[in-house]
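The values are calculated or read from the model by the stated rules, or taken from the named source; none is laboratory data. Just so we're clear, the structure is a prediction, and the values are computed from it rather than from any experiment. Note: ideal-geometry Cβ built from the backbone for every residue, glycine included; neighbour counts use all protein chains shown. Side chains are part of the model used for accessible areas, which takes the heavy atoms of the whole protein and leaves out ligands, DNA and RNA. Shrake-Rupley method; radii C 1.70, N 1.55, O 1.52, S 1.80 Å.
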Amino acid sequence: MIKQVNTKLAMAFGLSAFLLTGCANTATNTQKGVGIGAVVGALIGKGTGDNDKSRYAWGAVVGAIAGGAIGQYMDKQEKEFRDELADSGVEVVRDGDNLKLLMPGNITFETGKANISSSFYPVLNDVALVINKYEKTTLQVVGHTDNVGSDSQNQLLSEYRASAVKGYLTEHGVDNRRVSTLGMGEYQPAASNDTDSGRQKNRRVELTIMPLQS
């Protein structure tokens with residue numbers, strides 16, 4: 001599997017370099033990073049299939065939501081997330097039938113560390129509380145880093161951060177089969193890495209909650 005992921009990464013960097021050729025003089029570092037991250041994420045996601053396996057395993061246990069009821073099911077879950085996470089700094093984003101929880105870097109991780117900051121515990125407690133009420137969904141946790149350190153170190157660090165969040169959620173009642181993880185390293189920045197505040201925003205995790213559809 002590691003060999004496959006490394007191959008995917010090599011393909012991703014090659015394709016990203018090709019896509020960015022010709023616009024290097026005008027694109028910002030953040031824009032370049034976002035472009036590379038999008039390609040890397042797509043290729044790694046297809047290469048591992050972890051999220052599909054997770055959804056299949058959990059779906060076999062609890063079953064799917066009938067098509068017409070999906071919107072209402074996710075509406076209720078979205079409202080509970082917004083209520084529970086109000087004033088936490090977490091952004092709740094609706095993306096079709098999926099929900100995204102964007103965790104701010106100032107409450108998640110310190111530079112170079114995958115240990116969950118104590119200020120992040122209450123947020124994850126609230127996330128677990130809502131997720132456990134809506135069992136017909138699965139969750140993907142994606143870890144990110146700033147650009148301090150080497151590419152390979154940041155890739156591993158992002159994976160460790162995603163795994164740390166998964167571990168915390170499962171310790172608080174979320175079934176392991178519902179959660180998949182992915183590390184994006186430094187290649188999908190939310191802000192410029194040229195400033196302390198920008199790097200702080202990039203030390204983050206993003207959670208996507210997806211309904212089990214029939």
Got at least one residue in region 90-102 being over 21 Å from Leu157 (Cα atoms), free of Cβ contacts under 8 Å to residues at least 60 places away in the same chain and of a type in the set (Gly, Ala, Ser)?
yes
Every pair of residues 6+ apart whose Cβ atoms lie under 8 Å, when the first sits in region 111-130 and is touching a residue at least 60 places away in the same chain (Cβ under 8 Å) while the second is open to solvent by 70 Å² or more (accessible area, probe 1.4 Å)
Thr111/Val148
Only residues that are open to solvent by less than 20 Å² (accessible area, probe 1.4 Å), outside any strand (DSSP E or B) and hydrophobic (A, V, I, L, M, F, W, C): list them for region 158-185, please.
Ala162, Val165, Leu169, Val174, Met184
By residue number, the members of region 76-99 that are open to solvent by 80 Å² or more (accessible area, probe 1.4 Å), in a helix (DSSP H, G or I) and under 20 Å from Glu206 (Cα atoms) are Lys79, Arg82, Asp83
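Sort out which residues of region 167-190 are touching a Lys or Arg at 6+ places or on another chain (Cβ under 7 Å) and closer than 16 Å to Asn154 by Cα, and write them in order of number. Write out each step before concluding.
Quick first cut of region 167-190, residues touching a Lys or Arg at 6+ places or on another chain (Cβ under 7 Å) only: 179, 181, 190.
Thr181, Ala190 - these are the residues of region 167-190 that are touching a Lys or Arg at 6+ places or on another chain (Cβ under 7 Å) and closer than 16 Å to Asn154 by Cα.
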Residue match in region 162-181 (condition: over 14 Å from Ala128 (Cα atoms) and in contact with a His (Cβ under 8 Å, 6 or more places away or on another chain)):
no
If you go through region 128-153 one residue at a time, how many are open to solvent by less than 10 Å² (accessible area, probe 1.4 Å) and outside any loop (DSSP other than H, G, I, E, B)?
8
